[in-house]
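Take a look at the structure set out below.
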């Protein structure tokens, strides 16, 4: 006789990481256990240690109109090193993904068009719900930004497409390209000038659009807040892979978007964790443990370009 398999996998035990998010200017590390939610503020100087338990699981979806994440009803496993943090079923109903894929035409909310600066030549155009303030910009790790226009979702989305089509800004950049620019990002006056001039050009493109143009909103700079005034560490090791039984440990620096630098007591240089990689793993607090079981890639500040004129 064959015993039928259960309809859903067994509900995982322990707290499952939901990664890092920003709310009201605060970076919070989240975890869920069933319907319970736990959030911890990311405080620089805090020592942390996590033992990872697997398998990695989908953490559910944000449904339309919901104020909290809905747990994955299937308790589905996801790839340990995949970029996706949700199973296909939860991706299909997640409100944020639907918005990004233009599957929501209007939701009655007011949106802000922004221009964000991630480094020289990396100007991004995007939109965010006005009620979220600058949380989306902080989560993306924008080094500086300027709100540019305001209106309903359809109008702001058309404005976003218009600016992107002009070639002055792109709608997205890969994470690696952003982190490459942490070593050298100019000074605050330069960032402010770039964004002020870009906003003026965008306003020229958006004449006749059904949006309110925002000429007097300040340029906001996050470089000091992210602890990058002197750039990223000269040498650090980026966590590129996790597995069950791995340990992540160290002393926190200020978060940069969804990334965390963790200093090591042996002076070996900090680790860099993209907390999206942490999402879906069961976490057990540990103390006095060194990092182990991690795939690492060394990152080194590139040499300054040689601008000396040739002698001959």
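The values are calculated or read from the model by the stated rules, or taken from the named source; none is laboratory data. What you see is a predicted model, and the numbers here were worked out from it, not measured in a lab. No Cβ is skipped: glycine too gets one built from the backbone with ideal geometry, and neighbour counts run over all protein chains shown.
Here is how the numbers come out for the structure above:
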item	result
Among (1) loosely packed, with under 15 Cβ neighbours inside 10 Å; (2) more than 22 Å from residue 303 (Cα to Cα); (3) without any contact (Cβ under 8 Å) to a residue 40 or more places away in the chain, the one test that residue 172 misses	(3)
Residue among 73, 55 that is touching a strand residue (DSSP E or B) at 6+ places or on another chain (Cβ under 7 Å), farther than 29 Å from residue 214 by Cα and assigned by TED's automatic domain parsing to the domain that holds residue 295	55
Selected residue (criterion: farthest from residue 256 (Cα to Cα)) from residues of the stretch 184-207 that are modelled with pLDDT of 95 or more and outside any helix (DSSP H, G or I)	207
Only one of 5, 89 that is out of contact with any strand residue (DSSP E or B) (no Cβ under 9 Å at 6 or more places or on another chain) and either at pLDDT below 95 or surrounded by 19 or more Cβ atoms within 10 Å (Cβ to Cβ) (or both)	5
The lone exception for residue 286 - which of (1) farther than 23 Å from residue 39 by Cβ; (2) more than 21 Å from the chain's Cα centre (by Cα) it fails	(1)
Hey, residue 124 modelled with pLDDT of 95 or more, crowded, with 19+ Cβ neighbours inside 10 Å and at negative phi or not	yes
Residue list for the stretch 199-212, filter: out of contact with any helix residue (DSSP H, G or I) (no Cβ under 9 Å at 6 or more places or on another chain) and in contact (Cβ under 8 Å) with a residue 40 or more places away in the chain	199, 203, 212
